[in-house]
Amino acid sequence: MKILVINPGSTSTKMAVFEDETSVLVRNIVHTPEELAGFDDVIEQQDFRRQLVLDELQQAGIPVEFDAVIGRGGLVKPLEGGVYEINELMVKDTHSGIALHNHACNLGCLIAYEIANEIKGCRSFIADPGVVDELNDYARISGSPLMNRICIWHALNQRAIARRYAAEIGKEYEDLNLIICHMGGGISVAAHEKGRAVDANNALDGEGPFSPERAGSLPASDLIRLCFSGKYTEKQLLKRIAGKAGLNAHLGTNDVREVIRRIEDYGDEHARLILDAMIYHVAKNIAAESAVLSGSIDAILLTGGLARSEYVISRLRKRIGFLAPVRCFPGEDEMEALALNALAVLQGKRQAKEYL
């Protein structure tokens, strides 16, 4: 089975070609700020990014003949985890911005659907998008009936890492209780109870620990006063939640490696304070999920780009190691996870769900 995988991010488009479980082409197409400056809206980048994917295939001598095209899922309606066949309703909801977020992940669905429609017999899918919602009833309730809690998290990578860990210890994901923390530009923490993520934060815009680019949870009254201060527009304030927030707001960079250089090479104590505070809040949120699982935790799994940092991981282990065994899975398995999800459907091992 030949599968094309498309995973758009804010400044790059990752793509891969798989033949069954084997990757035969992997590319990370980087987009410069100058290239993206001409687009007022992320959705407007669809044709631009699609053509770059096709150009890479042409340069590699790979014909546009696939059994499936699978894209990173976008911010559509809340869904159960799994593989979804892309349909017109999903495309419509993606274009309409139903989740009120203009994020590059929305392009995965659109580009996959468009390319697949041009290939006879080709199917198009998404899998475990960031809006996967398997929260328990308690997790949805906030302190105000005007607002329910929602989760936007790294569902695809967290679930892929969970299954990888389960396979390594000879068990099934559905038999384990896990706390998984994905640490990248945003940080998501989820409690996985026997194969369901029953509690997870909104890592995109306003809950959980602060991160390299996100503000995380903020003092509510202060935030309301800031909104009515007249000092900022709505767009500017939203940037203060996601983008110009977290380490980026405090230190002027979202690169943890740069922050560590400032600490170790120049003795920057302010940088140390801010980075250690971020690690402190990540640990606190991981520990909070232990209550969701009533202390019955098989393992804590750390993943994402920041899991490569010994500075970050060593300090996290010190704070959370007493809860359960801690395992590190640096980086992400998203491309392979997408390909294997599509392959499982094509081989009849899993059933694709319908987006309704």
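The values are calculated or read from the model by the stated rules, or taken from the named source; none is laboratory data. Quick caveat, the model's predicted, so the values are computed rather than measured. The accessibility values were calculated without ligands, DNA or RNA, using every heavy atom of the protein model including side chains. Shrake-Rupley method; radii C 1.70, N 1.55, O 1.52, S 1.80 Å.
Apply the Debye scattering formula to region 93-189, with a single equal point scatterer on each alpha-carbon and no solvent, then give log10 I(q)/I(0) at q = 0.11, 0.23, 0.25 Å⁻¹.
Each listed q maps to, in turn, -0.49, -1.25, -1.31.
Using just the helices of the chain, give the 222 nm mean residue ellipticity in deg cm²/dmol: DSSP H runs with n ≥ 4 each add -39,500 (n - 2.57), and the total is spread over all residues, rounded to 500.
It comes out at -11500 deg cm²/dmol, rounded to the nearest 500.
Suppose accessible area is computed on protein heavy atoms with a 1.4 Å probe; arrange Y266, Y232 from highest to lowest.
Descending order: Y266, Y232.
Mind jotting down a quarter of the surface of the convex hull over the alpha carbons of region 148-302, in square nanometres, one decimal? The partial results should precede the final answer.
Details: hull surface 42.6 nm².
That works out to 10.6 nm².
Please give the Cα centre distance for region 44-120 versus region 233-280, rounded to the nearest Å.
Taking the Cα centre of region 233-280 as reference, the centre of region 44-120 is 33 Å away.
Of the listed pairs K92/K194; K120/K349; K284/K353; K239/K318; K120/K353; K244/K318, which have alpha-carbon separations greater than 26 Å here? If you can, show how the numbers build up before the last one.
On the way: K92/K194 33 Å; K120/K349 23 Å; K284/K353 36 Å; K239/K318 33 Å; K120/K353 21 Å; K244/K318 29 Å.
Checking Cα-Cα distances, K92/K194; K284/K353; K239/K318; K244/K318 exceed 26 Å.
When the convex hull of the Cα atoms of region 163-216 is projected onto a plane and the area is averaged over all directions, what value comes out in nm²?
3.7
Just the Cα atoms of region 259-298, one point each, no solvent: what log10 I(q)/I(0) does Debye give at q = 0.20, 0.24 Å⁻¹?
Values, matching the q order: -0.61, -0.71.
Dividing the convex hull volume of the alpha carbon atoms of region 9-71 by its residue count, what do you get in Å³ per residue?
Once divided by residue count, the hull of region 9-71 is 92 Å³.
Work out the P(r) tail for region 60-138: percent of alpha carbon pairs separated by more than 17 Å, whole number.
Numbers: 1403 of 3081 pairs.
Counting pairs separated by more than 17 Å, the tail of P(r) holds 46 percent.
Counting only protein chains, not ligands or nucleic acids, how are H154, H95 ordered by accessible area (probe 1.4 Å), most first? Display every interim value, and only then the final one.
Numbers: H154 45, H95 100 Å².
Putting H154, H95 in descending order of accessible area: H95, H154.
I'm checking a number: the convex hull volume of the Cα atoms of region 198-247, normalised per residue, in Å³. What is it? Walk me through the numbers before you get to the answer.
Working: hull volume 4.0 nm³, N = 50.
It is 79 Å³ per residue.
Can you tell which of E88, E118, E34 shows the greatest fluctuation in a Gaussian network model of the chain with Cα springs below 10 Å?
In this elastic network of the chain, the residue with the biggest mean-square fluctuation among E88, E118, E34 is E34.
With all pairs of different alpha carbon atoms counted, what Kirkwood hydrodynamic radius in Å does region 232-324 show? Show your work: numbers first, answer last.
Numbers: mean 1/r = 0.0673 Å⁻¹.
After inverting the pairwise mean of 1/r, the radius is 14.9 Å.
One quarter of the convex hull surface, Cα atoms only: what value does that give for the chain in nm²? Walk me through the numbers before you get to the answer.
Values: hull surface 76.4 nm².
Approximately 19.1 nm², given one-decimal rounding.
Return the Cα extents of region 41-93 along principal axes one, two and three, sorted largest first, each rounded to a whole Å.
Result, largest extent first: 38, 29, 17 Å.
log10 I(q)/I(0), Debye, Cα-only region 1-109, no solvent, q = 0.16 Å⁻¹?
Each listed q maps to, in turn, -0.76.
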